[in-house]
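The values are calculated or read from the model by the stated rules, or taken from the named source; none is laboratory data. Treat the numbers as computed from the prediction; the structure is a model and nothing was measured. Note that each Cβ is placed from the backbone with ideal geometry, even for glycine, and that neighbours are counted across all protein chains shown.
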Amino acid sequence: MSAASRSYTEQDVEAFFDQTLDNYLNFWDSDGVLHTGYFADGNDDDYGAAAQQTSAVLASEARIDASSRVLDVGSGCGNFLMYLARRFGCAGEGLDLSEERVKFARNKLAGEPDPRITFRHGSATQMPYEPGTFTHVVSQDALCLIPDKPRSHAEIERVLAPGGIFAFSDFLQPRAQVSERARKHVFDRVRWNGGYSLIGYQEALDSRGFEILLARNLRGHIRQTYRVLGATAAARASTVADPAGRDWLLAFAESCQQMQIAIEDDEFSWGMFVARKRIDGR
């Protein structure tokens with residue numbers, strides 16, 4: 001792992017996601033769906049269905065069922081955890097660094113009450129749970145934003161029960177050195193210090209004592225995600241009367257184009273991982 005931009009703190013990440021929530025809700029997606037899509041093929045333009053498929057694939061690979069106790073790290077607006085509870089009948093908690101997104105998730109849950117799940121504001125580097133609390137820890141495109149990644153891995157390992165499953169998708173940084181363009185439009189845009197390559201992620205998890213069950217390169221899916229999102233944002237901008245909203249959408253569309261270039265240049269990618277906490281310790 002190599003830092004690709006200036007050093008952002010957890011407070012920087014929290015402030016960014018608190019401050020940008022309204023933009024995403026007002027001009028992008030009123031449900032707060034913010035993660036990468038798992039597309040059927042290269043001609044698929046249905047981002048909503050692809051985003052749902054990401055959740056379905058990750059849940060399947062994690063083998064979540066009604067007996068699961070799930071922690072969603074970086075739960076954002078709550079969509080993934082609520083999907084898991086509805087689909088499988090499992091119990092769980094969502095933990096997110098953004099207080100505004102936690103409030104949004106709680107309000108959504110109040111409209112669709114489910115006593116099996118809750119949402120909490122907190123850091124993945126200091127989790128408020130006893131050891132072995134969860135059978136599964138899941139996450140979608142959030143762990144890369146944690147400045148102290150080894151500490152978050154240690155916390156995830158701690159709160160998992162022996163034999164528990166850690167299943168997640170996340171952004172990748174295949175190359176140690178990236179261009180100024182990628183720093184601006186990929187890393188600095190979301191306060192991301194830098195990430196792991198596909199192999200580097202596996203090495204980091206292995207060093208923490210996890211057994212790697214799955215490591216899947218999803219480069220084509222993230223390229224398709226930003227192609228579709230960029231085209232959609234540009235089209236929506238032409239229909240928005242508010243100048244600030246129009247400018248936000250156009251800037252987002254431009255970043256989507258630059259992100260596609262970064263993907264082609266191996267500066268940015270996406271992967272899915274499943275790992276198991278060893279029963280007999282490290």
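On the stretch given as segment 146-163, residues that are in contact with a Lys or Arg (Cβ under 8 Å, 6 or more places away or on another chain) and surrounded by fewer than 16 Cβ atoms within 10 Å (Cβ to Cβ) total 5. With respect to the stated conditions, residue 271 is surrounded by 15 or more Cβ atoms within 10 Å (Cβ to Cβ), modelled with pLDDT of 90 or more and outside any helix (DSSP H, G or I).
Could you say which residue among 105, 167 is of a type in the set (Gly, Ala, Ser) and outside any strand (DSSP E or B)?
On the way: 167 fails: outside any strand (DSSP E or B).
Going through 105, 167 in turn, the sole match is 105.
To keep it simple, each residue is scored yes or no on (1) of a type in the set (Val, Ile, Thr); (2) crowded, with 22+ Cβ neighbours inside 10 Å.
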| position | (1), (2) |
| --- | --- |
| 195 | no, yes |
| 199 | yes, no |
| 209 | no, no |
| 220 | no, no |
| 227 | no, no |
| 243 | no, no |
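Any residue at all in segment 142-158 that's closer than 25 Å to residue 92 by Cβ, in a strand (DSSP E or B) and among the hydrophobic types (A, V, I, L, M, F, W, C)? Looking through segment 142-158, none of the residues is closer than 25 Å to residue 92 by Cβ, in a strand (DSSP E or B) and among the hydrophobic types (A, V, I, L, M, F, W, C).
Condition (residue is touching a Lys or Arg at 6+ places or on another chain (Cβ under 8 Å), surrounded by fewer than 21 Cβ atoms within 10 Å (Cβ to Cβ) and part of a loop (DSSP other than H, G, I, E, B)) applied to segment 81-99: is it met by at least one residue? Scanning segment 81-99, I find at least one residue that is touching a Lys or Arg at 6+ places or on another chain (Cβ under 8 Å), surrounded by fewer than 21 Cβ atoms within 10 Å (Cβ to Cβ) and part of a loop (DSSP other than H, G, I, E, B), so the answer is yes. The criterion of being touching a residue at least 40 places away in the same chain (Cβ under 8 Å) and not acidic (Asp, Glu) does not hold for residue 238. The residue of segment 178-220 that is nearest to residue 155 (Cα to Cα), among those that are of a type in the set (Phe, Trp, Tyr) and in a helix (DSSP H, G or I), is 201.
How many residues does segment 208-236 contain that are of a type outside the set (D, E, K, R), closer than 27 Å to residue 280 by Cβ and modelled with pLDDT of 95 or more?
Within segment 208-236, residues that are of a type outside the set (D, E, K, R), closer than 27 Å to residue 280 by Cβ and modelled with pLDDT of 95 or more number 5.
Among 166, 187, which is under 22 Å from residue 70 (Cβ atoms), aromatic (Phe, Trp, Tyr) and surrounded by 15 or more Cβ atoms within 10 Å (Cβ to Cβ)? If you could, list the steps in order and put the result at the bottom.
Working: 187 fails: under 22 Å from residue 70 (Cβ atoms).
Result: 166 is the single residue among 166, 187 that is under 22 Å from residue 70 (Cβ atoms), aromatic (Phe, Trp, Tyr) and surrounded by 15 or more Cβ atoms within 10 Å (Cβ to Cβ).
All of (1) more than 20 Å from residue 277 (Cβ to Cβ); (2) in a loop (DSSP other than H, G, I, E, B) hold for residue 129 with one exception: (1). For segment 161-175, does any single residue satisfy the condition of being β-branched (Val, Ile, Thr) and closer than 26 Å to residue 9 by Cα? The answer is no; no qualifying residue exists.
Could you run through segment 12-43 and say how many residues are closer than 22 Å to residue 172 by Cα and free of Cβ contacts under 8 Å to residues at least 24 places away in the same chain? Of the residues in segment 12-43, 2 are closer than 22 Å to residue 172 by Cα and free of Cβ contacts under 8 Å to residues at least 24 places away in the same chain.
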